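The values are calculated or read from the model by the stated rules, or taken from the named source; none is laboratory data. Since we're looking at a predicted model, the values are computed, not measured. Every residue, glycine among them, receives a Cβ derived from its backbone with ideal geometry; neighbour counts consider all protein chains shown.
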Amino acid sequence: MSKIRFSAVLVVLVLLTGILSAVHAQDDVFRVAAVAPSATTDLAFSQSMFDALTLIQAEMGEDMFQFDFQDGTFIVDDAAVALREWAASGEYDLVIAHGSQYGTIIQELAPEFPEVSFAWGTDVNTFGLPNVFAYTAAAEQGGFINGAVAASLTESNVIGVVGPIEVGDAKLYVDGFKVGVAFVNADINVLVTYIQSFSDVTLATEAANAHIANGADILTGSAQMVVGPIAVAVEEEALWFGTQSSQADLAATSGVLFQVYRWDVILNDMIASIQGGTLGGESYVLTLENGGLEMQISEAAEMEEEAMEVLQSTIEDYATQIVSGDIVILPEAEATPEPQATEEAGS
């Protein structure tokens, strides 16, 4: 073989090696696609998932973890189109339907694409499918702590709650909050209004104003419509307690304490399972014990250093008692279901 031909073959081999290495590197990237009903800046449910994926990307690096996020997809049929396209593309290791309204879609899609891993919440039902993860949050836990702290701070003994729809983690949060208030002072009047919408800011604002008019000096609520009640709290100089995501910037000095959903805790476990060959069949619950629920004191809260230390100690004490079982928030029938793995998952 001449030197020229040998050099040409060598160049081709080098190029092929580079191409194969690039393909292999590309295959090593873990890719996620997620759909959510509201904006990534909703300070609530959708943002909690977007923040979790962003955090994982920062930890793993963009060269190892990438994700696409379609927010504002409150129309279920639109979500179904996106989820099907992602699954059919074969480009994603995990497809997430972040919203309980998407459960039927996942139940139908997963059997069609058995090599694709799906996750959905908030729920614990995997439909008995080996490629479906389910997830939810024990929102009553942080709800209890928020309620107990709120009860110790109210001066009017009237607290207003603006709920969306009486289902899922929203209901658990409100129920836990009420129990927390009663745990400290059963004489406090907790006014609860469910506006029958997750996104109607106008209705939520009206409900918050009604609570203020009835003497509430503390407000709380759940879902993306809370931007309305938070604005009311700021304007009326009432205190605000939040859940799902931190609302500290918007609440400013009205903000006190936030239960933050750390979906990254369970997503990391899902990623490890998928990389190990298990595509689903397990459900997860965010709790204080596993670090999936994180209580964050607002940095803007107007408190003396000593008062801040007392508050932090109080939060830790309540959390310890909840984890140990010394505090039982809700009757077993009403509490967040324990996650159950399916037979297909080998449990």
Practice prompt. Take VAL192 and decide whether it is assigned to a strand (DSSP E or B) and either more than 16 Å from VAL232 (Cβ to Cβ) or at pLDDT 95 or above (or both).
Written response: yes
Worksheet item: Between residues in the stretch 69-97 that are on the phi > 0 side of the Ramachandran plot and residues that are modelled with pLDDT of 95 or more, which pairs lie under 6 Å by C-beta distance while being six or more apart or on different chains?
Response: GLY72/ALA39
Fill in: Number of positions in the stretch 166-183 that are of a type in the set (A, V, I, L, M, F, W, C) and exposed (fewer than 15 other Cβ atoms within 10 Å of the Cβ)
1
Item to complete: Would you check if ASP51 is among the charged types (D, E, K, R), at pLDDT 95 or above, buried (at least 16 other Cβ atoms within 10 Å of the Cβ) and within 26 Å of SER197 (Cα to Cα)?
Response: yes
Response to the item:
Scanning the stretch 143-165 residue by residue, the ones that are crowded, with 19+ Cβ neighbours inside 10 Å and either farther than 13 Å from THR336 by Cα or outside the structural domain of GLU316 (by TED's automatic domain parsing) (or both) total 15
Discussion item. Regarding the stretch 269-292, can at least one residue be identified that is under 25 Å from ALA231 (Cα atoms), β-branched (Val, Ile, Thr) and more than 19 Å from the chain's Cα centre (by Cα)?
Written reply: no
Worksheet, complete the sentence: The one condition GLU206 fails out of (1) more than 23 Å from ALA335 (Cα to Cα); (2) touching a strand residue (DSSP E or B) at 6+ places or on another chain (Cβ under 7 Å); (3) in the same structural domain as GLY255 (by TED's automatic domain parsing); (4) free of Cβ contacts under 8 Å to residues at least 40 places away in the same chain is (2)
Worksheet item: Given the conditions (1) modelled with pLDDT of 95 or more; (2) farther than 19 Å from ALA272 by Cα, and given that PHE74 satisfies all but one, which numbered condition is not satisfied?
Response: (1)
Item to complete: May I ask you to list pairs of residues, at least six apart or on different chains, whose Cβ atoms are under 6 Å apart, with the first in the stretch 261-287 being surrounded by 17 or more Cβ atoms within 10 Å (Cβ to Cβ) and the second being charged (D, E, K, R) and modelled with pLDDT of 95 or more?
Response: ARG262/GLU294; ILE274/ASP93
Practice prompt. Considering only the stretch 204-256, state which residues are buried (at least 24 other Cβ atoms within 10 Å of the Cβ) and β-branched (Val, Ile, Thr).
Written response: ILE218, THR220, VAL226, ILE230, VAL232, THR243, VAL256
Response to the item:
Counted residues in the stretch 210-229 being more than 10 Å from VAL162 (Cβ to Cβ) and assigned to a helix (DSSP H, G or I) come to 4
